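A.B. asks: Let me begin by handing over the structure; questions about it come next.
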Amino acid sequence: MRAVVAINGEAEVRQVPEPVVEPNRILVRTICSAISPGTEIEMKKRAGASPVSLGYSAVGTVLQTGEGVTHVRPGDRVACYGAPYVKHAELLAVPKALAVPLPASLSADEAAFVGLGAIAIHGLRQAELQFGSKVAVVGLGILGQLTCQIAEAAGYRVYALDLLEERCSMLRRSGLNTVFASYEELEASLRSDYLVEGADAVVLCAGGGGAELLNRSLGWLRDRGRIVIVGDMHAELSRELMFAKEAELRIARAGGPGRYDAAYEQDGVDYPVGFVRWTEGRNMYEYIRLLGERKIDVMPLVSKKLPVDRAGEAYEWYLRAPKETLGVLLTY
């Protein structure tokens with residue numbers, strides 16, 4: 001079967017062995033898969049002579065189910081998340097906890113971003129916000145855009161920042177007005193409400209070096225606020241600034257509890273809901289629910305849709321036209 005791999009800094013489509021169905025797994029024929037630019041472009045850059053699979057979010061049709069799978073059956077469409085099981089490939093063998101059935105009203109295209117949706121939801125959960133809380137979201141790539149839409153749907157007061165005006169304009173078209181293309185504008189807006197000056201949390205969806213941004217964002221927080229790092233960022237903080245506000249720094253680990261736990265992902269052992277309310281699988285369900293109820297809209301964020309054989313071209317778009325390229329789908 002065809003699959004996308006990174007090798008020697010480039011993305012290629014290669015023939016790889018087909019997966020087999022095991023207990024607690026679902027064999028899926030891929031309809032489309034979504035590129036996660038922050039993670040995948042960095043993986044592509046670092047790739048050496050050994051091929052590395054790319055991708056972790058997709059939609060497909062169930063072909064076969066293994067022993068222990070009861071929530072879907074052959075013919076169902078499912079949204080899937082989580083490397084190394086989910087990738088840009090024609091066939092996927094997905095653990096049952098990482099495959100969510102789709103309602104008939106949802107298109108494969110919008111559900112294909114389920115991985116990024118779960119990551120955005122878990123990032124907001126790490127902020128421990130309440131109805132009416134103020135959250136600043138920095139970095140308006142597709143992950144930041146989804147984070148803002150989900151935060152707005154949850155009833156939070158959302159303030160968004162990206163230094164690219166094009167990305168700010170895109171978010172404003174979704175209905176959010178407190179979107180800024182400069183630090184100064186964001187800071188002024190956060191100060192304008194004298195009763196609730198500052199943000200309860202700052203969610204960082206940006207990538208790259210983080211010392212300057214992290215320390216500046218400490219100034220945006222209210223007393224005992226939280227900073228949540230969702231993007232690929234180095235954490236270098238001023239102890240003095242953190243001490244002054246008794247601020248808290250958190251890392252959001254992918255889609256939520258269960259990620260990278262072999263018992264949960266491979267063996268199909270779920271966490272009891274009374275002890276772990278929101279696993280990565282439940283966060284996936286929540287993203288699909290928000291889409292299905294039209295509380296969020298991902299389709300305006302889809303910039304390109306290309307057949308898998310043109311995967312190399314898809315990654316080049318992010319480098320050649322970063323202002324215009326947010327979401328890219330590969331079709332099979």
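The values are calculated or read from the model by the stated rules, or taken from the named source; none is laboratory data. Treat the numbers as computed from the prediction; the structure is a model and nothing was measured. Every residue, glycine among them, receives a Cβ derived from its backbone with ideal geometry; neighbour counts consider all protein chains shown. With ligands, DNA and RNA removed, areas are computed over all heavy atoms of the protein, side chains included. Shrake-Rupley method; radii C 1.70, N 1.55, O 1.52, S 1.80 Å.
A.B. asks: Helix-derived [θ] at 222 nm for the chain: sum -39500 (n - 2.57) over DSSP H runs of at least 4, divide by residue count, nearest 500?
C.D. replies: Computed ellipticity for the chain at 222 nm equals -8500 deg cm²/dmol.
A.B. asks: Does anyone have the angle between helix 37-46 and the longest principal axis of the chain? Alpha-carbon axes, 0 to 90°, nearest 10?
C.D. replies: With rounding to tens, the tilt is 70 degrees.
A.B. asks: What are the ³J(HN,Hα) couplings of segment 27-33, residue after residue, when phi is run through the Karplus curve with 6.51, -1.76, 1.60 and θ = phi - 60°? Round to Hz, x for glycine and proline.
C.D. replies: 8, 10, 8, 6, 8, 7, 9
A.B. asks: I'd like the distance separating the alpha-carbon centroids of segment 29-91 and segment 266-290, in whole Å.
C.D. replies: Between the Cα centres of segment 29-91 and segment 266-290 lies a distance of 18 Å.
A.B. asks: Which ³J(HN,Hα) values, rounded to whole Hz and listed in residue order, are derived for segment 277-285 from phi using the Karplus coefficients 6.51, -1.76 and 1.60 in 6.51 cos²θ - 1.76 cosθ + 1.60 with θ = phi - 60°, glycine and proline given as x?
C.D. replies: 5, 10, 7, 5, x, 5, 5, 4, 4
A.B. asks: Inverting the mean 1/r over all pairs of different Cα atoms, compute the Kirkwood radius of segment 97-150 and quote it in Å.
C.D. replies: On the way: mean 1/r = 0.0792 Å⁻¹.
That comes to 12.6 Å for segment 97-150.
A.B. asks: Near the amide H of Val72, under 5 Å away, which other amide H atoms are found, from residues 5 or more places off or on another chain, if H is placed in the peptide plane?
C.D. replies: For Val72, no residues qualify.
A.B. asks: With every protein chain present, what is the per residue accessible area of the chain (1.4 Å probe, Å²)?
C.D. replies: Dividing the accessible area of the chain by its residue count gives 44 Å².
A.B. asks: While we're on this one: So what J values fall out for segment 98-111 if you push phi through Karplus, 6.51 cos²θ - 1.76 cosθ + 1.60 with θ = phi - 60°, rounded to Hz, Gly and Pro as x?
C.D. replies: Rounded to whole hertz, the list is 10, 10, 10, x, 9, x, 4, 6, 9, 7, 4, 4, 6, 6.
A.B. asks: Counting only pairs 8 or more places apart or on different chains, how many lysine pairs in the chain have C-alpha atoms closer than 21 Å?
C.D. replies: 13
A.B. asks: Ranked highest first by average number of other Cβ atoms within 10 Å, how do 15-26, 64-75, 101-112 line up? Working shown, then result.
C.D. replies: On the way: 15-26: 15.7, 64-75: 13.8, 101-112: 17.5.
For the peptides 15-26, 64-75, 101-112, the packing ranking is 101-112, 15-26, 64-75.
A.B. asks: Now for a separate question. Check Phe180: other-chain or 5+ apart residues with amide H under 5 Å from its amide H, H built from backbone geometry?
C.D. replies: Excluding prolines and chain starts, which carry no amide H, the hits are Ala160, Leu161, Asp162.
A.B. asks: Sorted by mean Cβ packing within 10 Å, highest first, what order do the peptides 243-249, 255-261, 181-187, 222-228 take?
C.D. replies: 255-261, 222-228, 181-187, 243-249
A.B. asks: Show the residues, 5+ positions off or on another chain, whose built amide H is closer than 5 Å to the amide H of Leu249.
C.D. replies: So Leu249 has HN proximity to Ile227.
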